[in-house]
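The values are calculated or read from the model by the stated rules, or taken from the named source; none is laboratory data. Only a predicted model underlies this, so the values are computations on that prediction, with no experimental measurement involved. Glycine gets a Cβ as well: all are built from the backbone with ideal geometry, and neighbour counts include every protein chain shown.
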Amino acid sequence: MALRVDQRLLLDGDLFLQRSADGTVALYDLATDPTEQVDLSGAGPADVAALVVVLDASSPGRPGPSHAVDPALGRELTRLRYFEPE
């Protein structure tokens, strides 16, 4: 089993930005929302834009890597919906 990274992530202080391969962006404030339930991307477009610039500068044009994953761990990550089975 291989884990293909379809998201790019950035942590800046308490702000956590997730961007999926299709360009969808979510922003969370981990200080007030540690379980990532409230997406702030619509309420904080300036924060999102600034963090996307940092994210793009950190690995420009590079797709996420693939990593071999222990099958048991892969099943658990799939169960937790961290990624879809291939």
Residues of region 34-80 classified as at pLDDT 75 or above, part of a loop (DSSP other than H, G, I, E, B) and charged (D, E, K, R), total: 2
Test: residue in region 17-32 that is hydroxyl-bearing (Ser, Thr, Tyr) and farther than 17 Å from residue 7 by Cβ: yes
Members of region 11-35 that are buried (at least 16 other Cβ atoms within 10 Å of the Cβ) and not hydrophobic (A, V, I, L, M, F, W, C): 18, 19, 28, 29
